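A short write-up of the structure that comes next.
The values are calculated or read from the model by the stated rules, or taken from the named source; none is laboratory data. All values derive from a computational prediction rather than experimental measurement. Here the Cβ positions follow ideal geometry from the backbone for every residue, glycine too, while neighbour counts run over all protein chains shown.
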Amino acid sequence: MSMRVRAGADRWLASLRASAQVGVMVTSALVSSACAVAGPQASDPAIDPDLPRVRSVLDSAEAEGNADATRAASGVDVAGGQRSEGPGVGDANGRTTPPSEGGTQFGSDFGASKRASQSGPPKPIGADAAKPAPGEALITEIMFDSHGAEPDSEWFEVTNVASSPRSLGGLTLTDGVGHSHLVSGTVVVAPRARVILVRNRATALAAGVPEAAIAYEYGTGLSVAAGILLSNNAAGAISLSDGQQVIHAVPYGTWLRSANASAGATFQMRASAMGAASGLSEFSAWCVASTRWASGPERGTPGAASNCM
């Protein structure tokens, strides 16, 4: 694009200088005609003492117009005395060398825009998202006892209840037996959105967890005893923290006896509890899922709102 612009500017400059040359020539012709009509006396310096000076100015202007037109045609910037980098400079063999990047004819604005376009791709949306404060990111559903192979079939859901994006990157996951995992990368959750963190992505997909909802994989390749484990007993728990500050913690193992939970069903936060300021880690704010989300036997609403009030 810049080469075409510079080429157009060169042609315009050459045309302008040529027009100036024609104007000088026409003016000179008019003066000569006027002198001829007025008779020999009008061209006599003795009668008109300003005539030599007028002719000198016209001759000088005509010569300068010719020189500028020649320089413009050869690619020289007549305003600054520099060669413009137009469509290319031909060598002795007729080959054309493309102009250098950045350009010189249009000053610093052109160079600045060129550098700006080369400063790298724009940042992804949410790349500057802050980490959530306590209560802004909630653990809202937990698959701890799947019909599939455990622990690979385990997963849990996180909901951003803040009004702007929040990043889970750099936060720590901790289970009920003291295993922890630092979330790597930038895991951005849009406002009011829900994402699924899975132990094993392939296993979760096979169980029918919506692919679009899966945002992070925390245990692929680990042995069955390593990494985050969503236990099926009283030790069952999962928390999300930023350093020593707990964002949200769910000790679901303590509810198992009273909840009458069964294999293949998630614990999910009640829809009516989502806006509560406290009590979100108590069983009263949770329920056992009763609706199947896929063709299999699993019950829950991964990536979607809870179906219990």
Any chance GLY264 is in the same structural domain as GLU157 (by TED's automatic domain parsing) and surrounded by 19 or more Cβ atoms within 10 Å (Cβ to Cβ): yes
Condition met for VAL198 (of a type outside the set (Ser, Thr, Tyr) and within 27 Å of PRO297 (Cβ to Cβ)): yes
Residue in the range 175-184 that is touching a residue at least 40 places away in the same chain (Cβ under 8 Å) and under 27 Å from ALA276 (Cα atoms) present: yes
Flag for SER278 being assigned by TED's automatic domain parsing to the domain that holds ASP175 and either within 37 Å of the chain's Cα centre (by Cα) or without any contact (Cβ under 8 Å) to a residue 60 or more places away in the chain (or both): yes
Single residue of THR220, THR254 found to be part of a helix (DSSP H, G or I), of a type in the set (S, T, N, Q) and under 23 Å from GLY178 (Cα atoms): THR254
Residue count, the range 136-164 (criterion: assigned to a loop (DSSP other than H, G, I, E, B) and touching a residue at least 40 places away in the same chain (Cβ under 8 Å)): 13
Checking THR186 against (1) of a type in the set (Ser, Thr, Tyr); (2) modelled with pLDDT of 95 or more; (3) in a loop (DSSP other than H, G, I, E, B), the condition it does not meet: (2)
Residues of the range 192-222 that turn out to be modelled with pLDDT under 95, surrounded by fewer than 16 Cβ atoms within 10 Å (Cβ to Cβ) and of a type in the set (Gly, Ala, Ser), as a count: 3
Leading residue by the ranking (surrounded by the most Cβ atoms within 10 Å (Cβ to Cβ)) among those in the range 225-257 that are over 39 Å from the mean Cα position of the chain (by Cα) and among the aliphatic types (A, V, I, L, M): LEU256
The range 258-300, residues that are touching a Phe, Trp or Tyr at 6+ places or on another chain (Cβ under 6 Å) and part of a loop (DSSP other than H, G, I, E, B): GLY300
